[in-house]
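Report on the following structure.
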């Protein structure tokens, strides 16, 4: 049985570890609002997305300004961690890794307001944006249909939905992000990340239709 408090504790465990290891520069308070476990936004009046579809620089800036993230890392990348929990089960999640739009100096990220740092790069080097895609693991069983798996990975385009074996535990998500995008940090903290990589949080959801195309599966 899964509870909002247990999910909150798992997220707090991850965020505290990242902060203490100086991988994260800032972590947001994890809040429970009804059935939702997420970050505590600093300015909920700002829209989450400026347009439907793929996020851009304006969305990144709004997320930073609103504190619409669980943590930001030493390079300015954002982690957004949200779960819905009802009746003892996970009923939805959005786990996103948002790379920074520029290759920002970690010393500057640690020393200054992240929004100020981004704006420095926007003004001084407007054409040096990096084209790294956001990576998002969603679980949305109510919308499941052919072409829209209940659990899926979205990269590069909002229309990309690669089927996943099951809803994803936050520890497995962190292992995936750091294993693939920060290999040196993953190796330095291997024991911690591997400990989370084997944790489960829901039943398998792959359908026969999902299996007809490449998909992500794990033990």
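The values are calculated or read from the model by the stated rules, or taken from the named source; none is laboratory data. Being a predicted model, the structure only gives us computed values, none of them experimental. Here the Cβ is made from the backbone with ideal geometry for all residues, glycine too, and neighbour counts use every protein chain on show.
Out of the range 120-142, which residues are over 24 Å from residue 8 (Cα atoms) and surrounded by 14 or more Cβ atoms within 10 Å (Cβ to Cβ)?
120, 121, 122, 129, 132, 133, listed by residue number.
If a residue has to be in a helix (DSSP H, G or I) and closer than 20 Å to residue 96 by Cα to count, how many in the range 110-134 make the cut? So that I can check it myself, show each step before the final result.
Taking the range 110-134 as the starting set, the residues that turn out to be in a helix (DSSP H, G or I) are 110-111, 114-124.
Adding the requirement that they be closer than 20 Å to residue 96 by Cα leaves 114-115, 118.
Summing the residues that are in a helix (DSSP H, G or I) and closer than 20 Å to residue 96 by Cα in the range 110-134 gives 3.
Hey, any hits in the range 157-171 for a residue that's modelled with pLDDT of 95 or more, closer than 27 Å to residue 7 by Cβ, surrounded by fewer than 18 Cβ atoms within 10 Å (Cβ to Cβ) and within 17 Å of the chain's Cα centre (by Cα)?
Checked against the condition, which is being modelled with pLDDT of 95 or more, closer than 27 Å to residue 7 by Cβ, surrounded by fewer than 18 Cβ atoms within 10 Å (Cβ to Cβ) and within 17 Å of the chain's Cα centre (by Cα), the range 157-171 yields at least one hit.
Quick test of your reading of the structure: residue 31 fulfils all but one of (1) outside any strand (DSSP E or B); (2) loosely packed, with under 15 Cβ neighbours inside 10 Å; (3) modelled with pLDDT of 90 or more. Name the failing condition by number.
Against the list (1) outside any strand (DSSP E or B); (2) loosely packed, with under 15 Cβ neighbours inside 10 Å; (3) modelled with pLDDT of 90 or more, residue 31 comes up short only on (1).
Given the criteria under 18 Å from residue 64 (Cβ atoms) and surrounded by 15 or more Cβ atoms within 10 Å (Cβ to Cβ), does residue 101 qualify?
Criteria met by residue 101.
Checking the conditions here, which among 98, 23, 90 is touching a helix residue (DSSP H, G or I) at 6+ places or on another chain (Cβ under 7 Å) and farther than 22 Å from residue 157 by Cα?
That would be 23, the only listed residue that is touching a helix residue (DSSP H, G or I) at 6+ places or on another chain (Cβ under 7 Å) and farther than 22 Å from residue 157 by Cα.
For residue 219, all conditions in the list (1) modelled with pLDDT of 95 or more; (2) over 18 Å from residue 138 (Cα atoms); (3) more than 15 Å from the chain's Cα centre (by Cα); (4) surrounded by fewer than 19 Cβ atoms within 10 Å (Cβ to Cβ) hold save one; what is the number of the exception?
Going through (1) modelled with pLDDT of 95 or more; (2) over 18 Å from residue 138 (Cα atoms); (3) more than 15 Å from the chain's Cα centre (by Cα); (4) surrounded by fewer than 19 Cβ atoms within 10 Å (Cβ to Cβ) one by one, residue 219 breaks only (1).
Of (1) in contact with a strand residue (DSSP E or B) (Cβ under 8 Å, 6 or more places away or on another chain); (2) without any contact (Cβ under 8 Å) to a residue 12 or more places away in the chain, residue 131 satisfies all except one. Which?
Looking at each condition in turn, residue 131 falls short on (1).
Any idea which residue in the range 83-104 is nearest to residue 8 (Cα to Cα), counting only those that are in a loop (DSSP other than H, G, I, E, B) and touching a residue at least 12 places away in the same chain (Cβ under 8 Å)? Don't jump to the end; show me each part of the working.
Step one: filter the range 83-104 for residues in a loop (DSSP other than H, G, I, E, B), giving 87-88, 99-104.
If we keep only those that are touching a residue at least 12 places away in the same chain (Cβ under 8 Å) too, we end up with 88, 99-104.
Values: 88: 14, 99: 24, 100: 25, 101: 29, 102: 31, 103: 31, 104: 30 Å.
By that ranking, first place goes to 88.
Which of the residues that make up the range 54-70 are outside any helix (DSSP H, G or I), under 19 Å from residue 131 (Cα atoms) and either in contact (Cβ under 8 Å) with a residue 24 or more places away in the chain or more than 16 Å from the chain's Cα centre (by Cα) (or both)?
54, 55, listed by residue number.
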